[in-house]
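The values are calculated or read from the model by the stated rules, or taken from the named source; none is laboratory data. These numbers were taken from a predicted model, which means no experiment stands behind them. Using ideal geometry, Cβ is built from the backbone for each residue, glycine included, and neighbour counts are taken over all protein chains shown. Calculation scope for accessible area: heavy atoms of the full protein, side chains included, ligands and nucleic acids excluded. Shrake-Rupley method; radii C 1.70, N 1.55, O 1.52, S 1.80 Å.
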Amino acid sequence: MATTLPIETEAGLILPGHPFFEDYLYSTFPPGWRDFAYHNHDFAFVARAGSKVLEAVNAAEMEEYVYGGELDEVQDEEDAYFI
């Protein structure tokens with residue numbers, strides 16, 4: 001019988017803290033992204049500060065993300081994991 005990590009549910013759902021959580025989080029697109037892309041041809045995926053959950057945004061929202069400081073926040077969070 002395989003042992004499960006305490007940060008994995010009985011159904012196999014991995015939770016934050018699981019060694020593969022971030023790999024899985026960044027390998028899947030957010031729900032509804034195809035519909036968003038259909039209506040917004042200039043779009044990107046961003047990782048939101050605090051949660052790092054990917055979100056589809058349009059070009060104007062991407063500029064705000066980059067130049068408004070949220071990208072720096074996400075990068076600072078990443079640096080905190082390696083200190």
Problem set entry | Boolean, Glu55 is without any contact (Cβ under 8 Å) to a residue 40 or more places away in the chain and open to solvent by 50 Å² or more (accessible area, probe 1.4 Å) | yes
Exercise. For region 19-43, which residues satisfy the criterion of being closer than 24 Å to Ile7 by Cβ and part of a helix (DSSP H, G or I)?
Worked result: Phe21, Glu22, Asp23, Tyr24, Leu25, Tyr26, Ser27
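Filter region 44-76 down to residues that are assigned to a strand (DSSP E or B) and either among the aromatic types (Phe, Trp, Tyr) or within 15 Å of the chain's Cα centre (by Cα) (or both), then give me how many there are.
Residues meeting the conditions: 8.
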